[in-house]
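Any read-out appearing in this document is the output of simple, stated calculations on the displayed coordinates, not a laboratory observation. The shown structure was predicted, so the numbers you read here are calculated from the model rather than taken from an experiment. Every residue, glycine among them, receives a Cβ derived from its backbone with ideal geometry; neighbour counts consider all protein chains shown.
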Amino acid sequence: MINTNSRPSTRLLLLIAFSIFTLYGISTLISLRVEVHHPKLNPFRDVQKSQQPLSPQVTQPIRPSSTQEKLEDLQIIWSKRNPNGLFNTIDDSGLQPQFYNPTFLELPQSSAHQFMVFGRLRHEMIHIGEQRYRKSRVAVFFANLTKDGFGNPVMKNFEMWNETILDHLYEPAIKHTCERHDYIGPEDVKAWWTTSGAPMLMFTNIYPIGNIKECFSMYMVDARAVTPRLDEALGEYGTHLPPIEFDTPVRLHRAEPRSVEKNWAPFQAPFGPDAGDIFFNVELDGQRAYKFDRFDEYVRPVKTPPSSSPLDEAFYLSGAGEPEQPAEPKRATCLHNLVDKYGYWQIHQGTPVLSMTLCNRGECEPNIHNTVNFGIIQPKYVKPLNWYEPRIATWNITRPFEWRSISKRLTYHGTKSREYVYTMHMSYFFNTTSPPENRAHGFLDDEIWLGFGVADSRGAFMDVDARELMADHHYCDGATSDYRTTRTDF
């Protein structure tokens, strides 16, 4: 027989438990998505009509003192194609170990596939003789854009083909004497198109000498040389591309050696006296750009004039201008604004650098005043957790490539607060049978795709209007009056 006297107390306890669970869930959701509900951020706003002024100048280094202040320096990036604006997934068809930090080449519509996707696999522990190594590998596969059962865009590997590339570069017999002596294999690959239309890859790998001063170097190579199926997929279009110049990985290193070189960002000027030359943003903290010369053993620093006023919003860090030989002295830049204000531990580069003329296609003539180079930089926190806050940075397209502006903090709609998100890729999306020769240059009404890793366990992408990435920037001292005037026009 059931004791009916116990029913009210049991129901009451269940009701209380349910209420506590519900309140906890709501509070957790709010903490994870607090940015999304900010009233000033409307995913359906008409960005072409938005004329929000840039943030007012700040005259002293004041750290954000409230959630409201942090929200005012936040921009949410929404997907154009996703019905809810969320970030989109890359289906690698079960690559093992886990695939993340994707980068990709968009192929013409006449090609057999829409994308060739590259990315990093989790380190694999291997033994060679008595030495244990953490082996990093780069995987590649073809993908096409489709939708899942909920109508969300997916970049999917339909062919179920994949392979690893660049494995032959590591030298397991070498006994390194540097801190990361047990790491082998390519890491952090970036795919990009030169201004003449060559598909390139850039990555980090061990340097075979393995001495204490030079453990890891940067390399670049033509993607067609390491992935023969790319030529096959390009078909007739591939015959119109420039011939392969870098058929084996070329080591990129400076005359002043570093133990570990990582995260260089390649860029080219879209026009002007330096058009066609390859440069790299190497050190952001001192605005250190280097030029590549096919016939020089080293990349050489770009000469920079002295600067007494690096910022409009001048958060200058003491000691930032200490000289270093034989390279040019470092200078304080817009970066020191972010470091001092937010207490970032490091600033990493993430993507290749593109150029953009700040008008709609066909509405103005590109020139040095209305065109910028831009890429994603990634300030990093280490306490209480490791996480990145990507921002768009812009630079002049002429030497010495001064900083022009830095965007608000970017967050990709659908990612969780403090979730480990690292952006590796940025490129224009042309979606045509005849892409322009210079795929690294575009206009405000073009479309840009971002590729990023989530929690070092999966790959994702965002499709956005180029205009979105140029909105609401903080000016730098290198921003000319012409640039400021151009920005107010959109």
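Below are the figures for this structure:
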| read-out | value |
| --- | --- |
| Computed P(r) (all Cα pairs; region 356-490; 10 Å bins; percent) | 11, 40, 32, 15, 2 |
| Restraint check, LYS80/LYS408; LYS135/LYS262; LYS135/LYS380; LYS147/LYS380; LYS147/LYS408; LYS291/LYS408, Cα-Cα greater than 22 Å | LYS135/LYS380; LYS147/LYS380; LYS147/LYS408; LYS291/LYS408 |
| Least to most buried among ILE90, ILE165 (fewest other Cβ within 10 Å first) | ILE165, ILE90 |
| Exposure proxy ranking, count of Cβ atoms within 10 Å, fewest first, for SER434, SER136 | SER434, SER136 |
| Net charge over other residues, Cβ less than 11 angstrom from the Cβ of TYR298 (K, R count +1; D, E count -1) | 0 |
| Backbone HN-Hα couplings from phi across region 371-379 [Karplus 6.51/-1.76/1.60, Hz, Gly and Pro as x] | 10, 10, 8, 8, x, 9, 9, 9, x |
| Three-way shape call for region 201-280 based on the alpha-carbon gyration tensor, with the a/c threshold at 1.5 | oblate |
| Packing-based exposure ordering (other Cβ within 10 Å, fewest first) of LYS135, LYS156 | LYS135, LYS156 |
| DSSP-assigned coil residues among chymotrypsin sites (Phe, Trp or Tyr not before Pro) in region 113-160, each with at most 11 further Cβ atoms within 10 Å | PHE150 |
| Loop GluC sites (Glu not before Pro), region 200-303 (other Cβ atoms within 10 Å of the site Cβ: 15 or fewer; DSSP) | GLU245, GLU297 |
